[in-house]
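Below is one structure; the comments refer to it alone.
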Amino acid sequence: MPRPLPHHPRIANHVQARRQIVDGKEIVVVTDGQGNRARVITPEQWDMLACADGTRTVDGIFLAAAGNRIYSRASAFRDLIEDMNEEGLVDEGLESLSLKKPSPPPDTPSDRPLLALPGYSLTCDLSGRCCGVYPSISFSELETARARSLRPDVLDGGNKPWQVFTPYSGSRALKTFAVTLVDGNCAYLEPSGLCSLHASAGPEAKPYGCRHFPLTHHDDGVHVRVSIRTECPCTFSSIGREGGAPLVPPGARTAGDLPTDFDVVPERVEVTPSASCPRAEVVEWSNAALLAHKRRADALSTLWTLAAALEQEGPTPTGVTRWLLDREPVLPTPAEVRPWLGAVAAQIQEALEGQHAWRGPRDRCRTGLRLISGAARRLMELEALSAALAPRDDPQDERFYVNAALFGHHLLSETVVTALRDRAVRVLVSRALVPLLARENAAADAAHPLAIVDQVFRAAGTSAYPDRLPSPSRTT
Ligand code: SF4
């Protein structure tokens, strides 16, 4: 039974339309917001769909589009919107927009002290690699106006805003917009790798997300921990280097000194799929894990051992000491890790197939997906897996990877044992990725393979791969 088309169709709020130029051809990629079920349409079709804002009938959408000099065959447009309606991408009228309440701001007092990852500052290599992988780079309304006035020539966005920005979600641009991508790169990225907005008017000209990337801010009830996402080769090449940008500006002492949003560690943290513990207890465990990690060499075994200790003993500092410092390290057996690698391979393959239709050959995320898929498949062979399980000669990146995650509380907003094993699997995949990156002549990525794993997992929406595991595998 077909779903009846609403009288006043509106592109649903969870739908994301992204304007892209791939190999010189302009397309619009429409997804359900999870990166799934991508549909590639023409810019003209999107311009018509954008008139489906819940205030018009289908005939009214046609008239509004014609007023904007956008024409299409009525039957073709009706077929498109009916197909999208069948897929649950169309809602009725304005109601859910007007009823939507803004989420309350996180409860972080302005006098909460800041605690930055010690001994670290960030040196950006200005290569622009972070500006060419994420499908959704968001701008507020003010930021779009500033960008269009600074660089009106970019896609002629000064005159034609729709060519450079689409609503971040749905058909009505209420507050947030997504920038058009050119072969996977932000439209404002120059061929030199520099941000043209930054080059025109300094860092404040960039949108909020770009100004703060790759910093993370997690309020644990005592401090706001400032750490970094390990999604960029620069985060690793900055290790031990002096003179970079501090994670906290000079003079900033408390939360009120930062013009930033904070993530808040939940009051109860899910440590296993069946048990949660108070935040303070888990933070104490995490601090003990961080200290013990500093006395161990191999990050992979630290992550796997921490997961086993957490399951056996709960989040106790004594459990951390007993397992990490007083016993032999625990490494995953092939039987334990294979379901994880299978889940990675399946999730990546699905992303590759789903995104193949719209990611061009020069798209960095598509290349990363292809290589990670190859690495995961290699690791299914015993010989390659045994080689990848062996400790590294130069473990600096991997040790930092664990350090940044534990210090920054990155694992505490997920189920902690699953997050620990997920990071261990990412370390394994990154080890198998090195020869594949070297073969592609990607020297910077081959030097810091964990960066491309983390970057691609988030950009392609494949971080949820542990959901494919049967529950017991997710924990042991
Ligand atoms: S606005 Fe600038 S910093 Fe942000 S993604 Fe685009 S080019 Fe990069």
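The values are calculated or read from the model by the stated rules, or taken from the named source; none is laboratory data. Note that the coordinates shown come from a computational prediction; the quantities given were computed from them, not determined experimentally. Backbone-built Cβ (ideal geometry, glycine too); neighbour counts: all protein chains shown. SASA here: full protein model, heavy atoms, side chains in, ligands and nucleic acids out. Shrake-Rupley method; radii C 1.70, N 1.55, O 1.52, S 1.80 Å.
For residues in region 22-46 being touching a helix residue (DSSP H, G or I) at 6+ places or on another chain (Cβ under 8 Å) and among the hydrophobic types (A, V, I, L, M, F, W, C), which is farthest from residue 85 (Cα to Cα)?
Restricting to residues being touching a helix residue (DSSP H, G or I) at 6+ places or on another chain (Cβ under 8 Å) and among the hydrophobic types (A, V, I, L, M, F, W, C), the top hit is 27.
Sort out which residues of region 415-430 are open to solvent by 10 Å² or more (accessible area, probe 1.4 Å) and free of Cβ contacts under 8 Å to residues at least 60 places away in the same chain, and write them in order of number.
426
Please tell me if residue 177 is within 11 Å of the ligand (Cβ to nearest atom) and within 24 Å of residue 54 (Cα to Cα). Please lay out each step first, then the result.
Working: within 11 Å of the ligand (Cβ to nearest atom): no; within 24 Å of residue 54 (Cα to Cα): yes.
It is false that residue 177 is within 11 Å of the ligand (Cβ to nearest atom) and within 24 Å of residue 54 (Cα to Cα).
What do you reckon, is residue 468 of a type in the set (D, E, K, R), within 20 Å of residue 305 (Cα to Cα) and either touching a His at 6+ places or on another chain (Cβ under 6 Å) or open to solvent by 20 Å² or more (accessible area, probe 1.4 Å) (or both)?
On the way: of a type in the set (D, E, K, R): yes; within 20 Å of residue 305 (Cα to Cα): no; either touching a His at 6+ places or on another chain (Cβ under 6 Å) or open to solvent by 20 Å² or more (accessible area, probe 1.4 Å) (or both): yes.
It is false that residue 468 is of a type in the set (D, E, K, R), within 20 Å of residue 305 (Cα to Cα) and either touching a His at 6+ places or on another chain (Cβ under 6 Å) or open to solvent by 20 Å² or more (accessible area, probe 1.4 Å) (or both).
Any chance region 155-165 includes a residue that's outside any loop (DSSP other than H, G, I, E, B), under 30 Å from residue 92 (Cβ atoms) and within 14 Å of the ligand (Cβ to nearest atom)? Talk me through it step by step, then tell me what you get.
Let us first name the residues in region 155-165 that are outside any loop (DSSP other than H, G, I, E, B), namely 155-156, 161-163, 165.
Add one more test, that the residue is under 30 Å from residue 92 (Cβ atoms), and what stays is 161-163, 165.
Of the ones still in play, those that are also within 14 Å of the ligand (Cβ to nearest atom) are 165.
The answer is yes, given that some residue of region 155-165 is outside any loop (DSSP other than H, G, I, E, B), under 30 Å from residue 92 (Cβ atoms) and within 14 Å of the ligand (Cβ to nearest atom).
Within region 31-61, how many residues are of a type in the set (Asp, Glu), farther than 24 Å from residue 155 by Cβ and open to solvent by less than 30 Å² (accessible area, probe 1.4 Å)? Steps first, answer last, please.
At the first step, the residues of region 31-61 found to be of a type in the set (Asp, Glu) are 32, 44, 47, 53, 59.
From what is left, the residues that are farther than 24 Å from residue 155 by Cβ are 32, 59.
Those still in the list that are open to solvent by less than 30 Å² (accessible area, probe 1.4 Å) too: 32.
Counting residues in region 31-61 that are of a type in the set (Asp, Glu), farther than 24 Å from residue 155 by Cβ and open to solvent by less than 30 Å² (accessible area, probe 1.4 Å) gives 1.
Could you list all residues from region 433-444 that are part of a helix (DSSP H, G or I), of a type outside the set (Val, Ile, Thr) and surrounded by fewer than 24 Cβ atoms within 10 Å (Cβ to Cβ)?
We begin by selecting, within region 433-444, every residue part of a helix (DSSP H, G or I); these are 433-439, 443-444.
After this cut, where a residue has to be of a type outside the set (Val, Ile, Thr) as well, the list is 433, 435-439, 443-444.
Across region 433-444, the qualifying residues are 435, 436, 437, 438, 439, 443, 444.
Determine, yes or no, whether residue 306 is open to solvent by less than 10 Å² (accessible area, probe 1.4 Å), in the same structural domain as residue 420 (by TED's automatic domain parsing), modelled with pLDDT of 90 or more and not in a loop (DSSP other than H, G, I, E, B).
When the stated conditions are applied, residue 306 passes them.
Exactly one condition in (1) open to solvent by 50 Å² or more (accessible area, probe 1.4 Å); (2) in a loop (DSSP other than H, G, I, E, B) is not met by residue 133; state its number.
With respect to (1) open to solvent by 50 Å² or more (accessible area, probe 1.4 Å); (2) in a loop (DSSP other than H, G, I, E, B), residue 133 is out only on (1).
All but one of (1) open to solvent by less than 60 Å² (accessible area, probe 1.4 Å); (2) under 18 Å from the mean Cα position of the chain (by Cα); (3) farther than 19 Å from residue 324 by Cβ; (4) not hydrophobic (A, V, I, L, M, F, W, C) hold for residue 409; which doesn't?
Result: residue 409 passes all but (3).
Of all residues in region 166-182, count the ones that are in a loop (DSSP other than H, G, I, E, B), open to solvent by 20 Å² or more (accessible area, probe 1.4 Å) and touching a helix residue (DSSP H, G or I) at 6+ places or on another chain (Cβ under 9 Å). So that I can check it myself, show each step before the final result.
We begin by selecting, within region 166-182, every residue in a loop (DSSP other than H, G, I, E, B); these are 168-175, 180.
From the residues that got through so far, the ones that are open to solvent by 20 Å² or more (accessible area, probe 1.4 Å) too are 168-169, 172-175.
Cutting the leftovers down to touching a helix residue (DSSP H, G or I) at 6+ places or on another chain (Cβ under 9 Å) gives us 172-175.
The number of residues fulfilling the criteria is 4.
Can you find even one residue in region 145-153 that is under 19 Å from the mean Cα position of the chain (by Cα) and more than 10 Å from the ligand (Cβ to nearest atom)? So that I can check it myself, show each step before the final result.
Here is the first cut: in region 145-153, the ones under 19 Å from the mean Cα position of the chain (by Cα) are none.
Taking every residue of region 145-153 in turn, none turns out to be under 19 Å from the mean Cα position of the chain (by Cα) and more than 10 Å from the ligand (Cβ to nearest atom).
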